[in-house]
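Report on the structure given below.
Throughout, read-outs are computed from the coordinates displayed, never taken from laboratory work. The structure presented is a predicted model; accordingly, all values stated were derived computationally and were not measured. Here the Cβ positions follow ideal geometry from the backbone for every residue, glycine too, while neighbour counts run over all protein chains shown.
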Amino acid sequence: MGQLRIRPLNKLSDDQFDVVQGIFEQAYPDWLRLSIDELDGGRGSDRIAVAGLLDEVPVGFAAVRVLPRSGWSFLRYFAITPDRRREGLGRTMWTELVDYLALNVAPRRLVWEAQLPERSQPGSPQHEARTTALAFYEAIGGEVLPVHDYVMPTTLGLPAEPMLLMALDPTSPVKDPNGLVKSLLSEHYGV
Ligand SMILES: CC(C)(COP(=O)(O)OP(=O)(O)OC[C@H]1O[C@@H](n2cnc3c(N)ncnc32)[C@H](O)[C@@H]1OP(=O)(O)O)[C@@H](O)C(=O)NCCC(=O)NCCS
């Protein structure tokens, strides 16, 4: 297997872009997906959208929004193509993504929202996907923040959805979870 490389979406060929769009659409339900245009601010922007490529073939997608005042990056989406899951690519892409952020002057510390398995039908594909995502986050060292009753705000047009908030600082445990939540709400959601 070749090395997984991170490349911004605006540097992909049209065919590669279409594959990435397919990975995104497969991994997230309509109601949780923003448009890729919205996620990709282009060079120098605080909105970073990338593909993970193996030998020029897209196998993953990630979108990040930099929260500059807090020194964190908000991971908005992260997915691996369904036919290549459970091969370690998610773990590898996570590491490469963090390095890519640092090279592009973005914080390596990531905060993200995770869907709650208990808000889906046990045994349903949604329930399985949410459980898998949590197992993955745990495996890469993500911390569940002690923030109760967090609900994703509706300011970006997404529904108000109760979520778990998780974070990973490669250098230490999260020191100020409440401050981090406030930054996410104000810097990203504008509330
Ligand atoms: C979550 C996701 C990114 C994981 O990608 P992946 O390439 O399959 O993950 P990896 O192979 O690197 O797995 C790393 C570790 O995560 C855990 N893990 C991953 N998939 C798992 C599963 N189905 N069940 C249990 N644990 C799992 C394991 O601990 C695994 O390590 P191991 O294989 O040595 O046991 C992928 O399943 C995906 O794209 N899901 C849909 C999108 C999504 O839910 N994204 C997260 C929400 S933001």
Q: For the stretch 120-146, enumerate the residues that are near the ligand (Cβ under 9 Å from one of its atoms), in a loop (DSSP other than H, G, I, E, B) and among the hydroxyl-bearing types (Ser, Thr, Tyr).
A: none
Q | Filter result (farther than 19 Å from THR92 by Cβ, within 14 Å of the ligand (Cβ to nearest atom) and over 12 Å from the mean Cα position of the chain (by Cα)) within the stretch 34-56 | A | LEU34
Q.
For the list (1) touching a Ser or Thr at 6+ places or on another chain (Cβ under 8 Å); (2) surrounded by 15 or more Cβ atoms within 10 Å (Cβ to Cβ), I need the number of the one condition that ILE80 fails.
A. (1)
Q: Output the residues belonging to the stretch 2-47 that are of a type in the set (A, V, I, L, M, F, W, C) and loosely packed, with under 11 Cβ neighbours inside 10 Å.
A: TRP31
(Q) What's the number of the only condition in (1) touching a helix residue (DSSP H, G or I) at 6+ places or on another chain (Cβ under 7 Å); (2) under 28 Å from ARG43 (Cβ atoms); (3) exposed (fewer than 13 other Cβ atoms within 10 Å of the Cβ); (4) not hydrophobic (A, V, I, L, M, F, W, C) that GLY90 fails to meet? (A) (3)
Q. So which residues in the stretch 96-119 are over 25 Å from LEU185 (Cβ atoms) and within 14 Å of the ligand (Cβ to nearest atom)?
A. GLU96
